[in-house]
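In what follows, a structure is listed as structure tokens, so that the remarks can point back to it.
The values are calculated or read from the model by the stated rules, or taken from the named source; none is laboratory data. Only a predicted model underlies this, so the values are computations on that prediction, with no experimental measurement involved. For accessibility, only protein heavy atoms count, side chains too; no ligands or nucleic acids. Shrake-Rupley method; radii C 1.70, N 1.55, O 1.52, S 1.80 Å.
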Amino acid sequence: MLPNNAAQKIDMTPAPVIHQERIGDMVWKFEQASLDVFKDVRLWHENPRILPDLPPGDYHSEEELEAALVSSKGYDALHRSISDMGQLDAIYVWRKDSDSEKYIVLEGSTRVTILRDLARKNETGKKAGKYERVVVKILPPEFGDRERAILLAKIHVRGDGVRAWRRHTQAKFIYDYVEGEKNLMSVTEMAGWMGKSVAWVQRLRDAYRFAIKFADHFDDTDIIKTAMDEFSTLEEISKVTGIGPQLRDFENPKYDQLRDEVFNMVRNGVFSEYRDARFLKQFHEDQDKWTQLKSGEKGIARQLALELKQSGNSVKAKIAAIEASVERAVTNDEHGLDEEDVKHLKNAASRIMQDIHVGVDRFRLDLKGVVQFFESVSKADVQTLQKHDLDELRSAIDYFDNLVKSFGVK
């Protein structure tokens, strides 16, 4: 027997690191681990970030997936960071059960690709073995498609820099999960998880639907890539006042020719700058300019847009240019606007409203503004409301409802 004061063997193994994160309606617990970047993990073949850049087919090798990630936005900068400082943030991995061969990298594929590249380049020398392991958060087997969508939206839509998806990728992601083959949540739910307004999500969904129609319109082998490259232009066209709704009215044969003309303009590259598509209505109202656009001359919209801007000395033209001017100013101003700036903008809008044409229904204009306001409200906005705010709003809505019941459309 050992004496009472004999040294006892003590287990010095540290307890596993557990991360708690709210994703969706639940707080999840993820165990942190260190895995071999070659033997323990594999890249996700449905990664939204690189899916548009992959060749057609249901299966893609690790080499194809890595090649697409190497060409992705921000790869070189992240490569330098990991080479100098190592991996800073844990990635997310998942597998269905413990019998699965490898974990699937749901978020962090670029970091895995970089670690693999550095490991290959440092098989010998001082840094040998330094890059062969990756720190991960292990998602539980029950972490499903809906939770994955919320996780990715939180990181790649709310995020910025190297993690921010391209506009086209964001739109495809939204479309797939609210209307496409996955169809797992409503537009309102998606907006809430993204921290965006409902109107913002609807706009991207509609723009992607429009891009699908553009791609379906042609038999070109590279038309999918064209739709992706020209997505910002297609988005601008789809929301142009007056002509945009006509182009999106796919069931009405009345606008088939117009849609064919516009789609051919985009395919032929007449819009070298997507912002020039905002003048589409003015172009369409000018027969000469429309004919020039239909000619298919590359970049011709840039010249025609400059002509419109230079000749825009009328009050209507100046008013139409205000939005673009403000957008440019805000984009270039690092300090943002304050209450005084907003006051000036509202005063300018009020002055314009004083001189609208007598035939324009002022009340309906204001009502549309109210509707657009409510469509743009986010979850974060609602959380700031006080009880007296809601009481005033409900009182006003009750008053309006009573008027509609008494005098509105029967």
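Miscellaneous remarks
- For a straight C-alpha distance cut-off of 20 angstrom, the aspartates and glutamates reachable from Lys126 (same-chain residues fewer than eight places away being disregarded) are Asp36, Asp84, Asp117.
- Accessible-area rank, largest first, for His19, His156: His19, His156, with all protein chains present and a 1.4 angstrom probe.
- Accessible area (Å², per residue) of the chain, counting only protein heavy atoms and a probe of 1.4 Å: 63 Å²
- Quarter of the Cα convex hull surface for the stretch 10-153, i.e. its orientation-mean projected area (nm²): 10.9 nm²
- Most to least accessible of Tyr208, Tyr131, Tyr59 (protein chains only, probe 1.4 Å): Tyr59, Tyr208, Tyr131
- Size descriptors for the stretch 50-123 (Cα atoms only): Rg and Dmax, in that order, 13.4, 37 Å.
- Fraction of accessible area attributable to carbon and sulfur, the stretch 166-246 (%, probe 1.4 Å): 44 percent
- Distant-in-sequence amide H partners of Ile23 (H built 1.01 Å from N, under 5 Å): Trp28
- Residue of Lys346, Lys196, Lys281 that the Gaussian network model of the chain assigns the largest fluctuation, springs spanning Cα pairs under 10 Å: Lys346
- Amide H contacts of Glu107 (H built 1.01 Å from N, under 5 Å, at least 5 apart or other chain): Tyr92
- Here, the chain yields an orientationally averaged convex hull projection of 33.8 nm² when only Cα atoms define the hull.
- Accessible area (Å², 1.4 Å probe, nearest 10) - Lys73: 120 Å²
- Each residue of the stretch 33-50 was assigned a 3J(HN,Hα) from its phi angle through the Karplus curve 6.51 cos²θ - 1.76 cosθ + 1.60 (θ = phi - 60°); the sequence is 8, 10, 10, 6, 5, 9, 8, 9, 10, 9, 6, 8, 6, 9, 4, x, 4, 10 Hz, with glycine and proline shown as x.
- The overall shape of the stretch 7-60 is oblate: from the C-alpha gyration tensor, with semi-axes ordered a ≥ b ≥ c, the ratio a/c is 1.5 or greater and a/b is no larger than b/c.
- Computed over the stretch 110-156, Kirkwood Rh from alpha-carbon pairs, angstrom: 12.9 Å
- For Lys96, a cut-off of 25 angstrom between C-alpha atoms picks up these lysines, skipping any fewer than 8 places away in its own chain: Lys29, Lys39, Lys137, Lys154, Lys182.
- Each residue was assigned an accessible area with a 1.4 Å probe, and for Ile50 the value is about 0 Å².
- Heavy atoms of Arg22: accessible area, 1.4 Å probe, square angstrom to 10: 150 Å²
- For Lys225, the lysines whose Cα comes closer than 16 Å to its Cα, not counting residues fewer than 8 places off in the same chain, are Lys172, Lys213.
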